[in-house]
Structure formats: C-alpha cells, structure tokens
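Please treat every number below as a calculation from the coordinates, not as lab data. Because the structure is a prediction, the values reported are computed rather than measured.
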Amino acid sequence: MDGSTTAPRRGPRDWLVDACLFLLAVFIGLVLAGMRLEVSPRPPSWLFNLDQATAVLGCAALWLRRDR
C-alpha cells in the first residue's frame, strides 16, 4: 500500500442513511430543547445556548463525516 488509493465514493444508499440520521439528530435535538425549556427551574441561558451550538456542530460533523 503506497497510500495513493482513494476511498470509494459514497453511493445513493450512503447519502440516504446520512440524511436520515441527520434529520433524526435534528428532531431529537428540537424535542429535547423544547422539553428543557418547559422544566422548572430553567437552565441558565448561556448554558442552554452553548448546548444548542454544540448540538449544531455535532449535526454538522455527522453530515460531513468522512468514510475511511
């Protein structure tokens, strides 16, 4: 192995699985965010915002993952 080989391209099935997992992660994130806003006491706003930003980055990482 000289390292010049490239990974196989993602096919339609891979794109479909990635899209479904991405949408599932977004849906779960929205449901949990809504539940968190309904609890008492509410979390500090800075912590909630940081958690949401981290969730967005996690969804982006899931979408942009690389096959090895």
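Some points to look at:
- Helical runs assigned H by DSSP (4 residues or longer) give the chain a calculated mean residue ellipticity at 222 nm of -23500 deg cm²/dmol, each run adding -39500 (n - 2.57) before division by the residue total.
- Nearest 10 degrees, 0 to 90: helix 45-63 Cα axis against the chain principal axis: 20
- Nearest-ten-degree value, helix 12-38 long axis tilted from longest Cα axis of the chain: 10
- Extension gain, ASP51 to TRP15: 0.36 nm times the residue separation minus the Cα-Cα distance gives 10.3 nm.
- What the pair-distance distribution of the chain shows, using all Cα-Cα distances binned every 5 Å from zero, is 3, 14, 19, 17, 13, 11, 9, 6, 4, 3, 1, 1 percent.
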